[in-house]
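Engineer: Handing you this structure, nothing more for now.
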Amino acid sequence: MRGRAIAGRFDLAVVALAEISRAHAQRLIGDGRALVGGQRARASDRLRGGEEISVVLSAPRDPRLEPEAVLLRVAYEDASMLIVDKPAGMVVHPSAGHARGTLVHALLGRAEAQGQPLGSIAGVERPGIVHRLDKETSGLLVVAKSDLAQASLMAQFGDRSIEKEYIALVRGEPTAPRGRIEAPIGRDPRQRQRMAVVAGGREAVTDYRVDGVGGGYSLLILHPRTGRTHQIRAHLAYLHLPIAGDQRYGGGIGPGGLQRQFLHASRLALRRPLDGLLVRAWSELPADLASSLDTAGIESRDLPDGVGSMVETDERP
């Protein structure tokens, strides 16, 4: 699309033209898909107003991405999106050391087999991707089938209107049965592969409540209100409650010999792009986490049963 710029920052001119979020506009500028007079510019560059700007929302498919036939467990699907139940051990999108076997490769294989598209506005290596889960974190993840749906879902994540729930087993017991962690997160200056609570870090907020205690462990239900990298893992380590099995953040090997972090994205609630109706999806604990929980001797009062979803049919308030 093309149009005339408003006066002010380049990224805000792109926001006004394309009706997208500022973060999305900055990604397009960085990718060279938003131009001023046919030339690249910085997001912070000042425009006088009236310059011609062009914006390409759809990114071309990366020819290096080969579709892979991998069966995905799906909690919800409609014409605009799907919610997949990602297994532990699967990386979401290609990155250094992960050129094959990612969720993106599986999504491309599924889309090709079904003759369906994927949203392209997040970049050539991230078709359909709206948000991420760590490699060893299992659970629910939203995927967009169109650019319009991807923009809608990214906006919901951006304004923090999507409800996310995680289940974690931690070493130790919180001092209160429920609470809120408000501590800024940034790169750990001593271990660059970790995130940590640091002065000057980005705002990060996580709510939690205790769902069960036993054997030196506590089962927590968590609701991250922000979406920082490794947020839950870093916040719990900061409270000296590292996640069982999370050896990077001090959790050691979990009950029953669990070798990966006991962290599962168990519930999601969001507005579907088709019509704005509320979708609620859920995912039960995978077998390895359920077995580890049994070993710890903890009985939960509030874990999802099975993998599925429901759509609330009432109109938006």
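The values are calculated or read from the model by the stated rules, or taken from the named source; none is laboratory data. Quick caveat: nothing in here was measured; it's all calculated off a predicted structure. Cβ coordinates were reconstructed from backbone atoms using ideal geometry, including for glycine residues, and neighbour counts include every protein chain displayed. All accessible areas refer to the heavy atoms of the entire protein, side chains included, with ligands and DNA or RNA removed. Shrake-Rupley method; radii C 1.70, N 1.55, O 1.52, S 1.80 Å.
Engineer: Please identify the pairs in which a residue from region 102-124 that is closer than 17 Å to Asp147 by Cα and touching a residue at least 60 places away in the same chain (Cβ under 8 Å) has its Cβ atom under 6 Å from the Cβ atom of a residue that is open to solvent by less than 30 Å² (accessible area, probe 1.4 Å) and not hydrophobic (A, V, I, L, M, F, W, C), counting only partners at least 6 apart or on another chain.
Structural biologist: Taking only residues 6 or more apart or on different chains, the pairs are Ser120/Pro127; Ile121/Gln150; Val124/Asp62.
Engineer: Something else: Does Thr229 meet the test of being hydroxyl-bearing (Ser, Thr, Tyr) and either outside any strand (DSSP E or B) or open to solvent by 30 Å² or more (accessible area, probe 1.4 Å) (or both)? Spell out the reasoning first.
Structural biologist: On the way: hydroxyl-bearing (Ser, Thr, Tyr): yes; either outside any strand (DSSP E or B) or open to solvent by 30 Å² or more (accessible area, probe 1.4 Å) (or both): yes.
Against the criterion (hydroxyl-bearing (Ser, Thr, Tyr) and either outside any strand (DSSP E or B) or open to solvent by 30 Å² or more (accessible area, probe 1.4 Å) (or both)), Thr229 qualifies.
Engineer: To continue, here is another question. Keeping to region 269-292, report how many residues are of a type outside the set (Ser, Thr, Tyr), touching a Leu at 6+ places or on another chain (Cβ under 9 Å) and open to solvent by 10 Å² or more (accessible area, probe 1.4 Å). It would help to see each step written out before you state the result.
Structural biologist: Keep residues of region 269-292 that are of a type outside the set (Ser, Thr, Tyr), which gives 269-282, 284-290.
If we keep only those that are touching a Leu at 6+ places or on another chain (Cβ under 9 Å) too, we end up with 269-273, 278-282, 284-285, 288-290.
Going one step further and asking which of them are open to solvent by 10 Å² or more (accessible area, probe 1.4 Å), we end up with 271-273, 278, 280, 282, 284-285, 288, 290.
Final tally of qualifying residues: 10.
Engineer: What pairs come up if the first residue lies in region 77-100 and is closer than 11 Å to Gly139 by Cα, the second is in a strand (DSSP E or B) and open to solvent by 60 Å² or more (accessible area, probe 1.4 Å), and their beta carbons are under 8 Å apart, counting only those six or more places apart or on different chains?
Structural biologist: Correct list of pairs: Ile83/Glu77.
Engineer: So, one more: Which residue, of Gly89, Gly139, is outside any helix (DSSP H, G or I), of a type in the set (Gly, Ala, Ser) and open to solvent by less than 10 Å² (accessible area, probe 1.4 Å)? Spell out the reasoning first.
Structural biologist: Details: Gly89 fails: open to solvent by less than 10 Å² (accessible area, probe 1.4 Å).
When all the criteria are applied, what remains is Gly139.
Engineer: Here's something else I'd like to know. On the basis of being surrounded by 17 or more Cβ atoms within 10 Å (Cβ to Cβ), touching a residue at least 60 places away in the same chain (Cβ under 8 Å) and touching a helix residue (DSSP H, G or I) at 6+ places or on another chain (Cβ under 9 Å), does Ala151 make the cut? Give the steps one after another, and end with the answer.
Structural biologist: Values: surrounded by 17 or more Cβ atoms within 10 Å (Cβ to Cβ): yes; touching a residue at least 60 places away in the same chain (Cβ under 8 Å): yes; touching a helix residue (DSSP H, G or I) at 6+ places or on another chain (Cβ under 9 Å): yes.
When the stated conditions are applied, Ala151 passes them.
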